[in-house]
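Visitor: Before I ask anything, here is the structure I am working with.
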Amino acid sequence: MTRKEKTLDTSLLREILPVKGQVLEHFGETDWSFFSRQPRAVLFPHSQEEITSVLSLANENNWNCMPAGNGTWLEGCMNTDREVNLIVSMSKMNNILVHEPDNLFVELEAGVTLEQLQVTLRPSKQWLPLDPPGKNSSTMGAIIATSSCGALQTGFGRPRDHVLGATLITGDGKTLKLGGKTVKNVAGFDLLKLLSGSWGRFGVITKLIMRLHPLPEADRTLLFSSNQAHPGTSLAHDIMHTPATLQSISILSPGLREELDSENTGVAVRILESEAAVDKVEALILERTDLLPCKRLNGSESEAFFESLKNTDTDSDVVIRIKCLPSIMKNLIHQIEALQSLVADDSLGGLKFLAHYESGILLVLIDKLKLDDDWLAQSAETLQEFRDTVEQQGGSLTLLFAPEILLKEVTPWGSLGEVETICAGLEKVFDPNQILSRSSAHRSAE
């Protein structure tokens, strides 16, 4: 039986969150908005105890809540069927609690931004090798919950691979401490891994323990332009088999970056090594590519190139993420031409793509949709047909960003199968009243 939602009374919330500014009811037209709508209030708890009290009150009144960081990804992968009464922002819980350089780990609150963390770690010559798309203001809790990552996942893994421990406040207000400060601290069912890509479905992440890495001495990027003898995917495939550890191998559609040839597909390879090793690794790569000419970016230039690359999808009307085996990447890159009919005739950017080859991630970007009389039906049909094509080849397609009306026609996730069965079962345990349900369908980004 569906529980009836009670009228949201912010005076009850102010009793739990008494400090001025912790309960925000009035905001700008675009602040904390998703699909041109806004919540009744945005909450800024300062402690785990306050979060527990907020979620308990929300359960009693059947108020729908959305966990968030700084609010930069509120529309991502969101099914628009349900209204959101409250956004629970972790941005004020932003303390770095423990950093043990000798043991290569850091414990922090979920509202710490990645930029804040990297600045803190730099004097110890350490870093957390994550490069989520979007702004540098993304919080660590949001990065883990959305499993946001970019080119660096090739060499260092996805967000879940960096998490040693976490504290979670479940939807019904219980506190769970998962994992610990060592890799071997997991026994039985590993809920910790499921937090990555869960989009806050099981609870609010309040603390994280992250594994760190030594800061590399040298940062070098090699930029190749493909040609008939060396097509983009073939070039990336050859480079992938270089007998050395490479931190990223990315394929860029023509004109995606000004540093590359505007007529041909580009391949960007990033090497993060010691000063002594970087030249040796480059020599091995050039041997694999038959000494194909390339452009070199070193140090800050290399870092800036990949910083700009992760923001490639900014302002695109539609962003699609495909997960597939590298072996079928070539076919899929050719097949994305089927989406050209969705692009507006006056679109300057047109249809673009960015592939992280070894990781099997292909991002497809439509800068501007064609909005003619029958655009919605045609767009939905074309996207569904393309999703079917991807799934028939063993891949998956996620609609990361799209207009609200299109998301209602084409759900963010494709075929869910056993993944949804498992997650729905866990949700009944951790969020029995479904106050944290972000959407009517879920798929882990992992």
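Visitor: Inverting the mean 1/r over all pairs of different Cα atoms, compute the Kirkwood radius of region 218-309 and quote it in Å.
Guide: Mean inverse Cα-Cα distance, inverted, gives 13.0 Å.
Visitor: Roughly how many whole Å is it from the C-alpha centroid of region 135-174 to that of region 210-244?
Guide: Centre-to-centre (Cα) distance: 25 Å.
Visitor: Next up: Quick one: compute the contact order of the chain, relative version, from alpha carbon pairs under 8 angstrom and 6+ residues apart, as a percent.
Guide: Rounded, it is 17 percent for the chain.
Visitor: How big is the dipole moment of region 218-309 about its Cα centre under a simple scheme where the beta carbon of each Lys and Arg is +1, that of each Asp and Glu is -1, and everything else is neutral? Debye, nearest 20, please.
Guide: Rounded to the nearest 20 debye, it is 180 debye.
Visitor: With the Cα gyration tensor of region 127-239 giving a ≥ b ≥ c as the square roots of its eigenvalues, does the rule (a/c under 1.5 for rounded; else a/b larger than b/c for prolate; else oblate) give rounded, prolate or oblate?
Guide: Note, shape of region 127-239 comes out prolate.
Visitor: While we're on this one: With a sphere of radius 14 Å drawn around the Cβ of His241, what net charge do the other residues whose Cβ falls strictly inside it have (Lys, Arg +1; Asp, Glu -1)?
Guide: Every neighbour counted, the sum reads -3.
Visitor: Moving on to the next point. For a 24 Å ceiling on Cα separation, which of these pairs sit above it: Lys135/Lys295; Lys280/Lys330; Lys92/Lys207; Lys177/Lys310?
Guide: Lys135/Lys295; Lys280/Lys330; Lys177/Lys310
Visitor: In bins 5 Å wide, starting from 0, what share of all Cα pairs of region 89-154 does each bin hold, as a percent?
Guide: 4, 17, 28, 26, 18, 6, 0
Visitor: In bins 5 Å wide, starting from 0, what share of all Cα pairs of region 199-270 does each bin hold, as a percent?
Guide: The percentages, shortest bin first, are 3, 13, 19, 16, 11, 9, 10, 11, 6, 2, 0.
Visitor: Continuing with the same structure: Does the chain come out rounded, prolate or oblate by the C-alpha gyration tensor, with a ≥ b ≥ c the root eigenvalues, rounded set by a/c under 1.5 and, if not, prolate when a/b is larger than b/c and oblate if not?
Guide: Judged from the Cα gyration tensor, the chain comes out oblate (a/c at least 1.5, b/c at or above a/b).
Visitor: Which residue, Leu114, Ile209, Cys149, has the largest displacement toward the positive end of the dipole of the chain when charges sit on each Cβ (Lys, Arg +1; Asp, Glu -1)?
Guide: My answer, from the dipole projection, is Ile209.
Visitor: Give me the net charge of Lys135's neighbourhood, meaning all other residues with Cβ under 13 Å from the Cβ of Lys135; Lys, Arg count +1, Asp, Glu -1.
Guide: Charge balance in the 13 Å sphere: -4.
Just so you know, all these numbers are worked out from the coordinates, no wet-lab data involved. Predicted, not measured: the structure shown is a model, and the values here were computed from it. Quick reminder, even Gly has a Cβ in these numbers, built from the backbone with ideal geometry, and neighbours come from all protein chains shown.
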